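Undergrad: Before we start, here is the structure in question, set down as structure tokens.
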Amino acid sequence: MSFGAVITDAEGLRLTSDEKALFKEMNPFGFILFARNIETADQTRALCADFREAVGRNCPITIDQEGGRVQRLRPPMAREWMPPMDHVARAGEQAERAMYLRYRLIAQELLDLGIDSNCAPMVDLARDDTHAFLKNRCYGSDPEQVSAIGRAVANGHLDGSVLPVVKHMPGHGLSTLDSHHDLPHVDQPLETLVEADFAPFRALNDLPMGMTAHLVYDQIDPQPTTISAGMIALIRERIGFDGLIMTDDITMKALNGTPADLTRQALAAGCDVVLHCNGTFDARAQVLRAAGEMSNMAQARADRALAQRLPPQELDIQAAEAELSALMGGQVYAG
């Protein structure tokens, strides 16, 4: 079965009849949840079931559950996590193990609700002038440390049967603008980027899925990465990533054009699947029709990614929480 080359969302807490019909017809690869889609645990499970019933298969359902500012699930449905940067700093030399446990617990929370993917690890390198929208979501500024923590985060997901999505390829940390609102530019030579910002993505190039960054590397290509054939080729060849490449949300203001036009441009550039969020029903339909079915190569990458949804390893939640508390000096959660 060929998948539609889109990951999209829904308007509310359950699918409407029109949404069910559209998704049945167009068969998007997967779906993403936002706070507006989440009210209770039972309702969230029912919505996930709606998505899977509409497309007639066990499609991936993803979310942004990093912790800190970026977490769609909140108490009492999920733990309230401190920002990743604060968590890493508090754990110190035990950061890898602490972050593994954090995301193993997050994976358990997600899977319990029917969610089997998460848009993490985020291995962008923090800088002094990294924009605030990104900075405290980072794991650090040293490529080797960030790579190691990113691997621990990815393993926490995979051990919990949740597919990680590494982001934002090939590195967003040098941005001083918020790509939700503006198009960032980075003016650094390729070799500098290869040694620093690109390095964590190279270290994690075996992960099943990755997300692009909406920013321009001025000394490499004049187009934003998401719609640049040259930058997607760099991710494939120089970074060596052969997993499924999804765009960041194409409705973000960093990109200029209609969602349907941007969909065509991103897929033509070499992205495997387009992420479309926060649009109207008509916009979703237009994006799904513009995308069409995945290419044969994209379909193969999608199948390889889905094959990594293995049964979760056994987790003693109380023991994991106790170990994490010990590593963190007693302060595990925000507040």
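The values are calculated or read from the model by the stated rules, or taken from the named source; none is laboratory data. All values derive from a computational prediction rather than experimental measurement. Here Cβ is always computed from backbone atoms with ideal geometry, including for glycine, and neighbour counts include all displayed protein chains.
Undergrad: Pull up region 1-17, narrow it to residues that are at pLDDT 95 or above and of a type outside the set (A, V, I, L, M, F, W, C), then point me to the one that is surrounded by the most Cβ atoms within 10 Å (Cβ to Cβ).
TA: The qualifying residue surrounded by the most Cβ atoms within 10 Å (Cβ to Cβ) is T8.
Undergrad: Do any residues in region 224-240 that are without any contact (Cβ under 8 Å) to a residue 24 or more places away in the chain have Cβ atoms under 8 Å from those of residues that are in a helix (DSSP H, G or I) and surrounded by 21 or more Cβ atoms within 10 Å (Cβ to Cβ), where the two are at least six apart or on different chains, and which pairs are they?
TA: Listed by first residue and then by second, the contacts come to nothing, as the list is empty.
Undergrad: If you don't mind, there's one more thing I want to ask. Considering (1) in contact with a Lys or Arg (Cβ under 8 Å, 6 or more places away or on another chain); (2) within 14 Å of Y103 (Cα to Cα); (3) outside any helix (DSSP H, G or I), say which one D124 fails and leave the rest.
TA: Exception for D124: condition (2).
Undergrad: Looking at region 274-285, is at least one residue at pLDDT 95 or above, touching a Lys or Arg at 6+ places or on another chain (Cβ under 6 Å), of a type outside the set (V, I, T) and within 17 Å of M169 (Cα to Cα)?
TA: no
Undergrad: Next up: Which of the numbered conditions does G329 fail, given that it passes all the others? Conditions: (1) surrounded by fewer than 16 Cβ atoms within 10 Å (Cβ to Cβ); (2) modelled with pLDDT of 95 or more.
TA: (2)
Undergrad: To continue, here is another question. Return the residue satisfying two criteria in turn: it lies in region 108-121 and is part of a loop (DSSP other than H, G, I, E, B) and of a type outside the set (A, V, I, L, M), and of such residues it is farthest from D64 (Cα to Cα).
TA: G114
Undergrad: Looking for whichever is more than 17 Å from M169 (Cα to Cα) and aliphatic (A, V, I, L, M) here; the options are A233, A229, A291. Which one fits?
TA: Going through A233, A229, A291 in turn, the sole match is A291.
Undergrad: State whether one or more residues within region 271-280 are in contact with a His (Cβ under 6 Å, 6 or more places away or on another chain), of a type outside the set (D, E, K, R) and crowded, with 23+ Cβ neighbours inside 10 Å.
TA: Quick first cut of region 271-280, residues in contact with a His (Cβ under 6 Å, 6 or more places away or on another chain) only: none.
Scanning region 271-280 turns up no residue that is in contact with a His (Cβ under 6 Å, 6 or more places away or on another chain), of a type outside the set (D, E, K, R) and crowded, with 23+ Cβ neighbours inside 10 Å.
Undergrad: So, in region 91-133, of the ones that are touching a Gly at 6+ places or on another chain (Cβ under 7 Å) and at pLDDT below 95, which residue ends up surrounded by the fewest Cβ atoms within 10 Å (Cβ to Cβ)?
TA: R127
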